[in-house]
Every structure is written in structure tokens, then in C-alpha cells.
Amino acid sequence: MYPRLIRPILFLLPPERIHRIVAAILPALFSIPWMGWLFRKYFLVSDPSLEREVFGIRFPNPVGIAAGFDKEAGLYNSLANFGFGHVEIGTVTPAGQKGNPRPRLFRLPEDGALVNRMGFNNHGVEAFVKRIRKNQPGVIIGGNIGKNTQTPNEKAVDDYCYAFDQLHELVNYFVVNVSCPNIKGLNKLQDKGELLRILHAIQEINQRKASSKPVLLKIAPDLNKIQLDEVIEIVREARLDGIVATNTSTGRENLKTKPEKIEAIGQGGLSGRPIRNKSTQTIRYLHEQSGGSIPIIGVGGIFNAEDALEKLEAGATLVQVYTGFIYTGPSIAKKINRAILQ
């Protein structure tokens, strides 16, 4: 019903506008007594064999929502009613920021893809803290942290550390995002020296806490094998708990959408079906080169159960969806979890 009836209606409106509408409707819907129970009754697949213990956290199932959907930490409990085992919030920065000028989110229906250049638009970490304290999580949440656009790279470590420190007691794990293509100069932080400076500083704070939290690194799908080998070295040297593979891509290869439309859209990160293979190849390489010693959250182009199983077979321990959730609808976690059980 969703692809044939609901999605065509939703796609009549610009993507960012419909996202704001959905973000307003979901919490209101689930404030109705019994509504959450009804949705979980239909969408949640509960079975002990779906549980995964990863970096010290017991996940009820391996399917989660990737960062970018719950940008403001207001939807995680609503999304849990669709059967997701975890939700990654953000990317959150120390101070609130508007992000890049609109329009900044574009659909490529022929390719089952999105292009976004949102630019870490969010209300800031203090707003996140207030919302999470007010709306206690009923699902595992990860905090995806970044730097403010106006913060120079030489001071980026301060931004990451501040966001990490503020959210530490409120989220279950952290993801350090230095691979988003929509923040000017952010990719320079992927340089090994700069990145290790940030990660070591975060880990110093982490170790001073009464209880440390898992820290993961989110990487781009456009890295070559030499760069991926370096990622493994960084993970080990900084004693990280895992990798999120992958973020959106700057590539535009093999798209069905007309070139003039792609050119008119301009810059931004590509997500969805076109990056599925890139993401899977990245996961497989990291898994093989690390001897399976590094937990990997697989993200990129998951539209159905087969896509998710492909990621898991390549070496991912958990998977996340975003674009596939938008294109295929709220049953995606249910379908993936049933396929895993089979």
C-alpha cells in the first residue's frame, strides 16, 4: 500500500517539507493511548535469535535508523514503534545552526536515491539534552556528533569534545562524523593526524567518566583500499569500538536520472540504491582486512531484506536504513528481521 498509495502523495511535496510534517505527526500520533502498542503489535518482530550484543550493548534486533532522519532528537521513540532496534540521532553540533541554504534535499526517484546538502542543520546539543531528558528513550539511541560549520578545523576538537561530554550520560553510543560531504572543509579532518587528535581527546573524556560509552567512526564510501587500511589503523590506535560504513557519496556514477537534472541539483551527498555496492564492498574489505575484529554498522542502499542480508554477509554486525525507509515504507525493519529469522 505504501509504494502505490501513500508514497505518491508524500512525494507531491518537497522532501524537506514532508519530512517536517512527518516529524510533527508521528509524536502526536503516538501520544494517543494504545497507538504505540498497536503499531508495535504489527511492526515489531521479537525473537531472542534476533538479539545482538555489540560493543557491550544488547540490541533487540540488528536493524536501526541512520543519522539524519531524527535530526533533532524528537522521533526516536516514535520510530521504535516501527520495529527498529536502535535509532541514531543528529548529526548534532555544539551550537544550533541553520545549515545550508534551501533547497538542499532532492529526490532521484528513477534511481531510488536522495541527494542532500543539509549542512548539519540542528538546534544544538543543549536542545538535544533537554529533549532526551524530557522524553526518556525506550530504544537504544546513538549520538552522531559533528562540528559547527563556522568552527575552523584547528578548533574542531573542541566542538566534538563538547558535544560528546554533554550527551555522554544520555545516549548509548557515539558516532564521530567527519565524513559528511556537506560541510566545507570537513573532509580534511579525515587526515589521520587530525582525526587521531579528535579521537584521542574524546577518549580521554570517555575514560574519565564513571562509565565509558562506545565510540564509532563514520566513514565515506569513496575511500580507496589504502585509505581503508588507514581507517583500520586509526580504529585500533584510538581504541574505537567500531565503524559505521558508510556515509553519503560525492560520486554520481551510473545514475538513470538525466544528467541535466543532476547538474541542476549540484553538490551534495548521494544516498540510496546507487551506493549500495560501494557500501557493501567497503564493509567486506574492512571485515576481511581486520579479521572480523571490528564491529561494523552497515549503511547504504538498503531497500529490502536481501540488501540487508548482503550487508550482514559482507561482515556488518548491525544495519541502518534511511533512504530505503523513505522509498519503501515503515515495514522495512519487519521484513528484514523476518528474513534474518528465516
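The values are calculated or read from the model by the stated rules, or taken from the named source; none is laboratory data. Values in this document were obtained by computation on a predicted structure and should not be read as measured data. Glycine also receives a Cβ, built like all others from the backbone with ideal geometry; neighbour counts cover every protein chain displayed.
Assorted remarks:
A quick yes/no check of all residues on (1) closer than 26 Å to I9 by Cα; (2) in contact with a helix residue (DSSP H, G or I) (Cβ under 9 Å, 6 or more places away or on another chain):
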{"position": "I296", "(1), (2)": "no, yes"}
{"position": "A308", "(1), (2)": "no, yes"}
{"position": "Y322", "(1), (2)": "yes, no"}
{"position": "S331", "(1), (2)": "yes, yes"}
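- Residue among R17, R4 that alone is within 23 Å of the chain's Cα centre (by Cα) and either in a helix (DSSP H, G or I) or closer than 24 Å to A316 by Cα (or both): R17
- Breaking point among (1) touching a helix residue (DSSP H, G or I) at 6+ places or on another chain (Cβ under 6 Å); (2) crowded, with 16+ Cβ neighbours inside 10 Å, for D159: (1)
- Selection status of N121, over 17 Å from the mean Cα position of the chain (by Cα) and at pLDDT 95 or above: no
- Residue match in region 234-249 (condition: charged (D, E, K, R) and within 17 Å of the chain's Cα centre (by Cα)): yes
- Conditions (1) more than 30 Å from E53 (Cβ to Cβ); (2) of a type in the set (D, E, K, R); (3) touching a residue at least 12 places away in the same chain (Cβ under 8 Å); number of the one not met by E154: (3)
- When region 193-226 is filtered for residues that are more than 28 Å from Q166 (Cα to Cα) and within 21 Å of the chain's Cα centre (by Cα), the ones remaining, listed by number, are P221, D222, L223.
- Set side by side, the residues G99, G112 differ, and just one is of a type outside the set (F, W, Y), modelled with pLDDT of 95 or more and more than 21 Å from T149 (Cα to Cα), which is G112.
- Odd one out for E253, checked against (1) of a type outside the set (A, V, I, L, M); (2) in contact with a helix residue (DSSP H, G or I) (Cβ under 9 Å, 6 or more places away or on another chain); (3) surrounded by 14 or more Cβ atoms within 10 Å (Cβ to Cβ): (3)
- Of all residues in region 214-233 being surrounded by fewer than 18 Cβ atoms within 10 Å (Cβ to Cβ), in contact (Cβ under 8 Å) with a residue 40 or more places away in the chain and not acidic (D, E), the one that is nearest to I275 (Cα to Cα): K225
- Among the candidates P48, P60, P3, the residue that is modelled with pLDDT under 95 and within 26 Å of L341 (Cβ to Cβ) is uniquely P3.
- Within region 306-342, being out of contact with any Pro (no Cβ under 9 Å at 6 or more places or on another chain), crowded, with 18+ Cβ neighbours inside 10 Å and among the small types (G, A, S) holds for A314, G315, G324, A333.
- Within the set N277, N247, N304, the sole residue that is in contact with a Cys (Cβ under 7 Å, 6 or more places away or on another chain) and either among the small types (G, A, S) or closer than 29 Å to H19 by Cα (or both) turns out to be N247.
- Residue identified as more than 15 Å from the chain's Cα centre (by Cα) and under 23 Å from R131 (Cα atoms) among I57, I65: I57
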